[in-house]
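Enquirer: Quick one: the structure is below, questions incoming.
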Number of protein chains: 2
Amino acid sequence: MTLDGQWFTERCKEGGSAFSLKVRAKLHEEQTPYQRIEIYDTEAFGHLMVIDGFVMLTARDNFVYHEMMAHPVLYTHEAPRRVLVIGGGDCGTLREVLRHPEVERVVQVEIDERVTRLAERYFPELTEANGDPRAELVFADGIRWVAEAPEASLDVIIVDSTDPIGPAEGLFNEPFYRDCLRVLGEGGLLVQQSESPLYHQRILTAMRRAMRAAGFADLATLHFPQPTYPSGWWSATMARKGRPIDGFREADAAARPFPTRYYTPGTHRGALALPPFLAAALEGT
Amino acid sequence: MTLDGQWFTERCKEGGSAFSLKVRAKLHEEQTPYQRIEIYDTEAFGHLMVIDGFVMLTARDNFVYHEMMAHPVLYTHEAPRRVLVIGGGDCGTLREVLRHPEVERVVQVEIDERVTRLAERYFPELTEANGDPRAELVFADGIRWVAEAPEASLDVIIVDSTDPIGPAEGLFNEPFYRDCLRVLGEGGLLVQQSESPLYHQRILTAMRRAMRAAGFADLATLHFPQPTYPSGWWSATMARKGRPIDGFREADAAARPFPTRYYTPGTHRGALALPPFLAAALEGT
């Protein structure tokens, strides 16, 4: 069949697949110095942000991704006080991080200020925590920011980036991970979105090898549904400095003083339970 | 963007979305007395079977669905000896059921023999266990078969059907569930595919209400990724006769004497860990 009416379609080469959302209207389009951003109003997913042709987020399903980028890593660290978010300009991950009362300071370093300005306008629910005095929004190159940050100055780094092409490419490399390792304290954790478990195993394994090569002591890949990303199935990979990733603060997670729509200690454990096909693909990385 | 070249596209009304697979060739198409079946060769998902315009399965990702329809319910029952599969004409679920050595007999009742004949030709890996002496393939109406089956003659019923429109509609109703309850032994289990947790909450809650109304003692909905089904996220719902669904045979599942690609005790527990948005949607059902 051919799709009638107005649709946004993202094609995924690795998957030989495409995903489409029915669109009511294109609300905005601009070329920034870094990328092309489009905003649509969709029929069933609310607002949709697209960067360089790829779905970044929709109002309806971003909660899974943002919760899973923030809560597992923060409940894995014993005392996450100092947090850095790289990318994440829509501020959805930042909002989730700020829900943790033990977090004392979050710096978000997004290269493209326009992403945040458009999120403020079209996804105001995600930017509602930006005024929190613990949050600092920096619009700069995250790779350089980390390279210049003091040693052992952070507990958790969250890399909430686009795919490893364009401005985000350098976020998937060993030199960047080496800088992350340096600026993390002992037991510190890095987490990064690591694409589709079904489609992008090459990116996933390359990322894991680079993290290990940079000197991280232990890795853990999590998987979770993400309907509007290719294959509807996504992953994030945690890397720990100096010691193993052995469980998480389950009691704290169960008693979390904030609402979640996807995250619970149970979905956290579920995300860590790798299906055998994925465990096999990651073996040796 | 518009998709160039040859694609198969399934549109999902409830999701305001569409999923497409790039196609090398259409291998087969026929109208049976029950439905229209198409077989495609896709670029990246191997063979694809489509019924009435809906993706039934692909060679690449059917393993998640088939394993999750078979193994959780069979490891929840203490001693699953007598199993019925309704629908499931591609035989992928049947193959997984037959992997369990404690299963003594499986009857599969598929209404449309052509589904099985086409699976034998285009998905031979799924039908490879059909010659197992424990398996009996019946081509008949599953609703009538259950209505005529003797009381307490089954341990597990697996309803591996199409969506609740067309020939499968009667498989989502209380009268059918009442017959299932009658033919199950004490502690017996029914499991049925229950659509997308994100898109189809109305179907899910209606199914759960009908199962309870029929007299099942306890229900448990499982969720798991399924990339080529709408939203890339799917569910199955278990219903138990006479007593609660309290855990599963974890040690047996861990020591399973057969390979799996998605199923483990960990992914089983993960499937049972409902995200809060879904738990809220199912509350009271």
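Enquirer: Pick from B:Leu274, B:Leu171, B:Leu204: which is closer than 30 Å to A:Ala18 by Cα and away from chain A (no Cβ under 14 Å)? Give the derivation first.
Expert: Working: B:Leu274 fails: away from chain A (no Cβ under 14 Å); B:Leu171 fails: closer than 30 Å to A:Ala18 by Cα.
After applying the criteria, what remains is B:Leu204.
Enquirer: Suppose the filter is closer than 20 Å to B:Gly166 by Cα, within 14 Å of chain A (Cβ to nearest Cβ), hydrophobic (A, V, I, L, M, F, W, C) and in a strand (DSSP E or B); does B:Val109 pass it? Don't jump to the end; show me each part of the working.
Expert: Numbers: closer than 20 Å to B:Gly166 by Cα: yes; within 14 Å of chain A (Cβ to nearest Cβ): no; hydrophobic (A, V, I, L, M, F, W, C): yes; in a strand (DSSP E or B): yes.
Considered against the rule, which asks whether it is closer than 20 Å to B:Gly166 by Cα, within 14 Å of chain A (Cβ to nearest Cβ), hydrophobic (A, V, I, L, M, F, W, C) and in a strand (DSSP E or B), B:Val109 comes out as no.
Enquirer: Would you check which residues across segment B:1-33 are part of a strand (DSSP E or B), under 24 Å from B:Leu198 (Cα atoms) and not polar (S, T, N, Q) and list them? Before the answer, list the steps.
Expert: Here is the first cut: in segment B:1-33, the ones part of a strand (DSSP E or B) are B:7-12, B:17-31.
Still in the list and also under 24 Å from B:Leu198 (Cα atoms): B:8-12, B:17-21.
If the condition is that a residue be part of a strand (DSSP E or B), under 24 Å from B:Leu198 (Cα atoms) and not polar (S, T, N, Q), then B:Phe8, B:Glu10, B:Arg11, B:Cys12, B:Ala18, B:Phe19, B:Leu21 are the ones that fit.
Enquirer: Let me ask something additional. Could you count how many residues in segment A:236-265 are within 11 Å of another protein chain (Cβ to nearest Cβ), within 17 Å of the chain's Cα centre (by Cα) and either over 17 Å from B:Trp233 (Cβ atoms) or of a type in the set (S, T, N, Q) (or both)?
Expert: Filtering segment A:236-265 for residues within 11 Å of another protein chain (Cβ to nearest Cβ) gives A:256, A:259-265.
Still in the running and within 17 Å of the chain's Cα centre (by Cα): A:260-263.
Subset that is either over 17 Å from B:Trp233 (Cβ atoms) or of a type in the set (S, T, N, Q) (or both): A:260.
Total meeting the criteria: 1.
Enquirer: Let me ask something else about it. So which of A:Arg212, A:Arg202, A:Arg178 ends up being farther than 19 Å from A:His100 by Cβ, without any contact (Cβ under 8 Å) to a residue 12 or more places away in the chain, not aromatic (Phe, Trp, Tyr) and not assigned by TED's automatic domain parsing to the domain that holds A:Ile51?
Expert: Details: A:Arg212 fails: without any contact (Cβ under 8 Å) to a residue 12 or more places away in the chain; A:Arg178 fails: without any contact (Cβ under 8 Å) to a residue 12 or more places away in the chain.
None of the others qualify; the one that does is A:Arg202.
Enquirer: A further question on this structure: If I ask for residues that are open to solvent by 20 Å² or more (accessible area, probe 1.4 Å) and under 24 Å from B:Leu181 (Cα atoms), which ones from segment B:261-285 would you list?
Expert: B:Leu272, B:Glu283, B:Gly284
Enquirer: Go over the candidates B:Arg121, B:Arg209, B:Arg202 one by one and state the one that is modelled with pLDDT of 95 or more, surrounded by fewer than 15 Cβ atoms within 10 Å (Cβ to Cβ) and under 29 Å from A:Ala44 (Cβ atoms). Before the answer, list the steps.
Expert: Details: B:Arg121 fails: under 29 Å from A:Ala44 (Cβ atoms); B:Arg202 fails: modelled with pLDDT of 95 or more.
Criteria check complete, one pass: B:Arg209.
Enquirer: Based on what the data block shows, is B:Leu189 farther than 22 Å from B:Gly232 by Cβ, away from chain A (no Cβ under 14 Å) and open to solvent by less than 20 Å² (accessible area, probe 1.4 Å)? Outline the logic, then answer.
Expert: Values: farther than 22 Å from B:Gly232 by Cβ: yes; away from chain A (no Cβ under 14 Å): yes; open to solvent by less than 20 Å² (accessible area, probe 1.4 Å): yes.
Considered against the rule, which asks whether it is farther than 22 Å from B:Gly232 by Cβ, away from chain A (no Cβ under 14 Å) and open to solvent by less than 20 Å² (accessible area, probe 1.4 Å), B:Leu189 comes out as yes.
Enquirer: Please go through segment A:34-71 and give me each residue that is aliphatic (A, V, I, L, M), under 12 Å from A:Phe224 (Cβ atoms) and in contact with a helix residue (DSSP H, G or I) (Cβ under 7 Å, 6 or more places away or on another chain), ordered by number. Spell out how you get there, then give the answer.
Expert: Within segment A:34-71, the first condition is being aliphatic (A, V, I, L, M), and the residues that meet it are A:37, A:39, A:44, A:48-51, A:55-57, A:59, A:64, A:68-70.
Cutting the leftovers down to under 12 Å from A:Phe224 (Cβ atoms) gives us A:64, A:68-69.
Result: A:Met68, A:Met69.
Enquirer: Just give me the residues in segment B:249-260 being buried (at least 16 other Cβ atoms within 10 Å of the Cβ) and part of a loop (DSSP other than H, G, I, E, B), in sequence order. Working first, answer last.
Expert: If we filter segment B:249-260 for residues that are buried (at least 16 other Cβ atoms within 10 Å of the Cβ), which is where we start, we get B:249, B:253, B:256, B:260.
Within segment B:249-260, B:Arg249, B:Arg256, B:Thr260 meet the criteria.
Enquirer: Right, here's the next one. Residue under question is B:Arg144, and the condition is that it be out of contact with any helix residue (DSSP H, G or I) (no Cβ under 9 Å at 6 or more places or on another chain) and either open to solvent by less than 50 Å² (accessible area, probe 1.4 Å) or basic (Lys, Arg) (or both); does it hold? Even if it seems obvious, please write down each step before you answer.
Expert: Working: out of contact with any helix residue (DSSP H, G or I) (no Cβ under 9 Å at 6 or more places or on another chain): yes; either open to solvent by less than 50 Å² (accessible area, probe 1.4 Å) or basic (Lys, Arg) (or both): yes.
It is true that B:Arg144 is out of contact with any helix residue (DSSP H, G or I) (no Cβ under 9 Å at 6 or more places or on another chain) and either open to solvent by less than 50 Å² (accessible area, probe 1.4 Å) or basic (Lys, Arg) (or both).
Enquirer: Then there is this: Is it the case, given these coordinates, that A:Arg60 is touching a Gly at 6+ places or on another chain (Cβ under 7 Å), basic (Lys, Arg) and surrounded by fewer than 22 Cβ atoms within 10 Å (Cβ to Cβ)?
Expert: Numbers: touching a Gly at 6+ places or on another chain (Cβ under 7 Å): yes; basic (Lys, Arg): yes; surrounded by fewer than 22 Cβ atoms within 10 Å (Cβ to Cβ): yes.
So A:Arg60 fits the description; yes.
Enquirer: A further question follows. Report yes if A:His71 is assigned to a helix (DSSP H, G or I) and more than 26 Å from A:Gln35 (Cα to Cα), otherwise no. First the steps, then the outcome.
Expert: Working: assigned to a helix (DSSP H, G or I): yes; more than 26 Å from A:Gln35 (Cα to Cα): yes.
Criteria met by A:His71.
Enquirer: Which one is nearest to B:Leu21 (Cα to Cα) among residues in segment A:16-33 that are among the hydrophobic types (A, V, I, L, M, F, W, C) and either open to solvent by less than 40 Å² (accessible area, probe 1.4 Å) or touching a Gly at 6+ places or on another chain (Cβ under 6 Å) (or both)?
Expert: First pass over segment A:16-33, keeping only residues among the hydrophobic types (A, V, I, L, M, F, W, C): A:18-19, A:21, A:23, A:25, A:27.
Pick out the ones that are also either open to solvent by less than 40 Å² (accessible area, probe 1.4 Å) or touching a Gly at 6+ places or on another chain (Cβ under 6 Å) (or both) and you get A:18-19, A:21, A:23, A:25.
Working: A:Ala18: 6, A:Phe19: 9, A:Leu21: 15, A:Val23: 20, A:Ala25: 25 Å.
Checked segment A:16-33; the qualifying residue nearest to B:Leu21 (Cα to Cα) is A:Ala18.
Enquirer: Here is a follow-up. Check whether at least one residue in segment A:34-54 is surrounded by fewer than 22 Cβ atoms within 10 Å (Cβ to Cβ), part of a loop (DSSP other than H, G, I, E, B), touching a residue at least 24 places away in the same chain (Cβ under 8 Å) and away from chain B (no Cβ under 14 Å), and report yes or no.
Expert: yes
Enquirer: Let me ask something else. When you scan segment B:276-285, how many residues do you find that are touching a residue at least 60 places away in the same chain (Cβ under 8 Å) and not hydroxyl-bearing (Ser, Thr, Tyr)?
Expert: 3
Enquirer: Same structure, new question: Does segment B:1-33 hold any residues that are touching a Pro at 6+ places or on another chain (Cβ under 6 Å) and within 7 Å of chain A (Cβ to nearest Cβ), and which are they? I'd like the intermediate steps shown before the answer.
Expert: Step one: of segment B:1-33, the residues touching a Pro at 6+ places or on another chain (Cβ under 6 Å) are B:12, B:15.
Scanning segment B:1-33 gives a single hit, B:Gly15.
Enquirer: Please enumerate the residues belonging to segment B:92-106 that are assigned to a loop (DSSP other than H, G, I, E, B) and touching a strand residue (DSSP E or B) at 6+ places or on another chain (Cβ under 7 Å). Steps first, please.
Expert: Step one: of segment B:92-106, the residues assigned to a loop (DSSP other than H, G, I, E, B) are B:99-104.
Those that are assigned to a loop (DSSP other than H, G, I, E, B) and touching a strand residue (DSSP E or B) at 6+ places or on another chain (Cβ under 7 Å): B:Val103, B:Glu104.
Enquirer: Cβ-Cβ below 6 Å, separation at least six or inter-chain, first residue in segment B:226-241 and open to solvent by 10 Å² or more (accessible area, probe 1.4 Å), second of a type in the set (A, V, I, L, M): which pairs?
Expert: From residues that are open to solvent by 10 Å² or more (accessible area, probe 1.4 Å), the pairs are B:Lys241/B:Leu181; B:Lys241/B:Leu184.
Enquirer: For segment B:13-46, give me each residue that is touching a strand residue (DSSP E or B) at 6+ places or on another chain (Cβ under 9 Å) and of a type in the set (Asp, Glu).
Expert: Matches in segment B:13-46: B:Glu29, B:Glu30, B:Glu38, B:Asp41, B:Glu43.
Enquirer: Something else about it: Give the residue, chosen from B:Glu136, B:Glu174, that is among the acidic types (Asp, Glu) and within 15 Å of B:Val106 (Cα to Cα). Reasoning before the result, please.
Expert: Numbers: B:Glu174 fails: within 15 Å of B:Val106 (Cα to Cα).
Every option except B:Glu136 fails the conditions.
The values are calculated or read from the model by the stated rules, or taken from the named source; none is laboratory data. Please read these numbers as outputs of a predicted model, since none were measured by experiment. Cβ: placed from backbone, ideal geometry, glycine included. Neighbour counts: every protein chain shown. For accessibility, only protein heavy atoms count, side chains too; no ligands or nucleic acids. Shrake-Rupley method; radii C 1.70, N 1.55, O 1.52, S 1.80 Å.
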